[in-house]
Structures are given as structure tokens and as C-alpha cells.
1. Considering only residues that are modelled with pLDDT of 95 or more and assigned to a strand (DSSP E or B), look in the range 423-455 and name the one that is nearest to PHE352 (Cα to Cα).
2. Return the total of residues in the range 84-132 being over 22 Å from CYS69 (Cβ atoms), not in a helix (DSSP H, G or I) and not charged (D, E, K, R).
3. I'd like to check something: does the range 394-401 contain any residue that is in the same structural domain as PRO15 (by TED's automatic domain parsing), within 16 Å of the ligand (Cβ to nearest atom) and not basic (Lys, Arg)?
4. Please give the helices (runs of 4 or more DSSP H) falling wholly within the range 331-419 in which 3 or more residues are over 30 Å from LEU90 (Cβ atoms) and without any contact (Cβ under 8 Å) to a residue 60 or more places away in the chain.
5. Suppose the filter is assigned by TED's automatic domain parsing to the domain that holds PHE272, in contact (Cβ under 8 Å) with a residue 12 or more places away in the chain and more than 27 Å from GLY237 (Cα to Cα); does SER95 pass it?
6. What are the residues in the range 303-317 that are assigned to a strand (DSSP E or B) and more than 21 Å from ARG143 (Cα to Cα), if any?
7. Of the residues ILE255, ILE264, which is assigned by TED's automatic domain parsing to the domain that holds PHE284, over 24 Å from the mean Cα position of the chain (by Cα), closer than 22 Å to LEU118 by Cβ and buried (at least 18 other Cβ atoms within 10 Å of the Cβ)?
8. Hey, among the residues in the range 183-205 that are of a type in the set (Asp, Glu) and either under 17 Å from PHE284 (Cβ atoms) or buried (at least 17 other Cβ atoms within 10 Å of the Cβ) (or both), which one's nearest to the ligand (Cβ to nearest atom)?
Amino acid sequence: MAAQIAQLQQASADPTAGLSPQALASFWMPFTGNRDFQQNPRLITGAEGAYYFSADGRKIYDSLSGLWCSSFGHGRKTIAEAIARAAKDLDFAPSFQFGHPMAFELAQKVAAVLPGDLNHVFFTTSGSGSADTALKMARAYWRAKGQPQKLALIGRMKAYHGVNGLGTSIGGIGGNRKTFGPLVDVDHLPHTLLPENAFSRGVPEHGGIALADQLEQIIALHDASNVAAVLVEPMSGSGGVVLPPKGYLKRLKEICDKHNVLLIFDEVLTGFGRLGAPFGANLFGVQPDIMMLAKGLTNGAATMGAVAASDKVYDAFMQQNLPPWSVEFLHGYTYSAHPLACAAGIAAMDIFVGEKMAERAAELAPYFEQQVHNLKGLRHITDIRNLGMAAAIDVGNPDGKPGQRPWQISMECWKRGLYLRYSGDNVQLGPPFISEKSEIDTLCNILADVIPSVE
Ligand code: PXG
């Protein structure tokens, strides 16, 4: 199959896939330098396992599992078949006041793999939707509990929680906020990147407790009686694989409990095995009240997110004194629990459990760590961070040209058969868990050649 796709594309070998300049300008691409792309299109026309096939007939290693989502490998047959079946049998069904069985089946499968009592799954259509859903859920929770003044939301610098209103507000990447005017008023914890932790392998040693203790001051500023929730990623992916130093997340949880504040984990990127454990919550032994999911939920094959709520949170909504026709949580999307996405999700969960994907990631992780850290000492590299099957390499930038060097590196890698994601001053790696050690070698060899070669 893969060979056939490659052969087919070899025949065309046209990097534009026959698209006219007008067609290239018609699609306004997200988070992309559109002008550069139109001059130098990088078009993907097929995917299988850990590889993409480019329009000009090349096989390209997918070093970020798409956008951290296709971790179990591309072209999964059971997922494709499930989507096709659903498209034929039930293309759409409403989830407002009516429902379809696949939604309940998937929710139960997801709850079964989640830690603790995160037993209730609210479906969204993306990670961004999950951010806004989780934050609205937290505020509405306190209202249901008779404390409607608990509204303040606390995020963290360098965090990424998608691009919708609340997620943009609580996100901590300046560039993603600066062009959009006043947002929702939220507060931010400091980020957890410390110079003394540079080149740590896995979870860094230093500073975790002191960093988490900053939460005490932020809560005191607002007064705990006004604070709804703290939202953090167990590990920030887009921020550049920013890790929580030892003890950090446990301490955050203690402070939240002490002040009666909800703790929300954004596991959109870390969920479903990326850290070498089912979820970050498992790895760090910290149970959030609410967890955000997306990406791995369908292995990237359909657009879907979810917010999982603990019994405590769910019960507060259900136990409101409301008549039967009344809605407990006034929130949802036309495409919440879309049948095609549910079908993909059910098949993806069967792969996650049946093929022990978290264990597979954990098995490959030490080799990946070793190979990535072998790059230390090369020109431009100022830090390497990793955990599970995630890593980032800081490469800096020439003076006054933020973003230039990682971009140059990525463009050169594409020419050499490697899809490499970059942002700010780093390049990021999140290979599919099904990768072979030899593929990790090839990935790191290309990086070792390319990173020092650019200016
Ligand atoms: N939360 C987290 C932690 C994420 O990583 C979102 C929310 C938003 O999800 P949606 O589905 O709305 O995109 C994300 C998305 C990158 C990269 O290169 C990361 C994401 C998306 C695109 C690129 O690091 N994360």
C-alpha cells in the first residue's frame, strides 16, 4: 500500500500537486507563513505508519505524529473502516436532547482508561473547544455549588490551550495574544523553565516546589473565595516541551485543595500515552478535578475533543434543584459527539488499550532520550528537554530575527525527508509510538547534520 502510494506520486513528482497560484491563495492557512508557503509549497498527499508522502513523490518521516495527534501511526485500518461505516449508517445525529449509542460507548471507553473518578465525558470538537468548555464548566460548577463569585481563572506563562476566547486568554504565549485586544481577565503562574535545569533528562530536579508556591500569592491576591480554577498542562508541548520540575504538580494540587480551587489538567497533547504513561495525571500521581482531551482521542483521524469531569464536578451539576426539562450545563456544539468522530474514537481507544500504546511509548522513550541528548554540544543548541516520546531542542536565533533559525532548520529537513515542527526558538519532536529505533536514529542524524549547518 505504502509502496503503491509512493509509486503513484513518483509519477507526478509535482510539488504543487497541480494547484494553481489562485488555489494556493484560496486556502488561508492556519499558523502558517502563507506567502512563503505559496512560493514553496510543502504538500502532503498520503500517510502510512510513521510516514507522509509528499506531492513530489517522496517519503517523509513524521517526527511530530502530525500535530502531536497521530501517535499510533497513520492509516489505521480499523479507524478508517469505522469512519466509513458510520458515514454510511449514521452520518449525523443530534446530541442535544437526543443521542446515539456510539457517543455513550466511546464515553465509557474513555472513562475506563482515565485515572481516578474522571467518569463523565463531555465531547467537544477540538482541544480549543475543550479549553473553553473546561473553564465554563469550572465557573458553572461554583455557581451550582452556591458560590457564584468564584470566577477567577489562573493559567501559566508559556501555556497553550488553543485559540478560542477563554483558551487564548488563559494561554501564556505572548505572540498568540498580542494582536487580539483585551481578552478575558485571567492571572498567570510563572513558567517552569529554569536555567539550572538545562539539558535535564526527563523531569528536571530543581525549583519545583518554589515555583508551585507562587500559586499561594496569586490566590491570596484574588482571595480564595473568588478563585474558580487553576489550569495547567502537565507538560507544555507547544511552549517548547516545558516540563514540571520534581514535586511541582503535587504541590499545585495541595495548594488547590487547601483553598478549595479546582485543578484542571490540559492533557490534549500529553494524553493517551505521549509521556510514556496513559496520562500525565498517572505519571505524576496527581488527580485533577477536570481533564481536557483531544488529539489522541481519535488518533487524529477525526476532529474531536473531550472534557472529563470527576464525580464531584458532575454530581454538582446533576444535583441542582432543577425540573426535568431543564438543562444542567448550557453548553455544547452541533458536532459534539459527531458519529464519525465517535466511530474513530472507539476504534482508536481499542488500539490504545489493545496494542498497549502507553507501554509502547514507555519502551521506546529511553532510546529516544539517549539519541536526542546525543545532540548536545552541536552548534546553536542551548538546551534539550524530553519526557516520554516528546522532546524540544532550543536552537536560539540570530540577533533580532525571532523564529528564523528554527524555520530554516525545518525547511532544510523537509528537503531531506523529515517533517519537523518548530516554534519560537526551538524545534519539537513527538514521533509516533510505533517508530523503530532505526527511525529515531535517522531522525537524529538528520538533525545533527542540519542544525549546525544553518546560520
Ligand atoms: N491544548 C493543548 C495542550 C494543545 O497542545 C490545544 C489545547 C488546542 O487544540 P486544537 O485541537 O484546538 O488545536 C493544543 C493544540 C505544536 C502544536 O506544534 C500544538 C497544538 C496544535 C498545533 C500545533 O506544538 N496543540
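The values are calculated or read from the model by the stated rules, or taken from the named source; none is laboratory data. In this text, all values refer to a predicted model and were calculated from it rather than measured experimentally. Cβ coordinates were reconstructed from backbone atoms using ideal geometry, including for glycine residues, and neighbour counts include every protein chain displayed.
1. Quick first cut of the range 423-455, residues modelled with pLDDT of 95 or more only: 426-454.
From what's left, assigned to a strand (DSSP E or B): 426-429.
Details: ASN426: 29, VAL427: 27, GLN428: 23, LEU429: 20 Å.
Going through the qualifying residues, I end up with LEU429.
2. Residues that pass the stated criteria total 13.
3. Within the range 394-401, the subset in the same structural domain as PRO15 (by TED's automatic domain parsing) is 394-401.
Within this subset, residues satisfying the condition of being within 16 Å of the ligand (Cβ to nearest atom) are 394-395.
Among the residues that remain, those that are also not basic (Lys, Arg) are: 394-395.
Looking for residues that are in the same structural domain as PRO15 (by TED's automatic domain parsing), within 16 Å of the ligand (Cβ to nearest atom) and not basic (Lys, Arg), one finds at least one in the range 394-401, hence yes.
4. Values: elements: 339-354, 357-373, 404-415.
By residue number, 357-373, 404-415.
5. Numbers: assigned by TED's automatic domain parsing to the domain that holds PHE272: yes; in contact (Cβ under 8 Å) with a residue 12 or more places away in the chain: yes; more than 27 Å from GLY237 (Cα to Cα): yes.
Against the criterion (assigned by TED's automatic domain parsing to the domain that holds PHE272, in contact (Cβ under 8 Å) with a residue 12 or more places away in the chain and more than 27 Å from GLY237 (Cα to Cα)), SER95 qualifies.
6. Initial filter on the range 303-317 (assigned to a strand (DSSP E or B)): 305-309.
Answer for the range 303-317, where residues must be assigned to a strand (DSSP E or B) and more than 21 Å from ARG143 (Cα to Cα): GLY305, ALA306.
7. Working: ILE264 fails: over 24 Å from the mean Cα position of the chain (by Cα).
Only one candidate passes the filter, namely ILE255.
8. The first filter runs over the range 183-205 and keeps only residues of a type in the set (Asp, Glu), leaving 185, 187, 196, 205.
Filter once more, so that each one left must be either under 17 Å from PHE284 (Cβ atoms) or buried (at least 17 other Cβ atoms within 10 Å of the Cβ) (or both): 187, 205.
Working: ASP187: 19, GLU205: 24 Å.
So the residue we want is ASP187.
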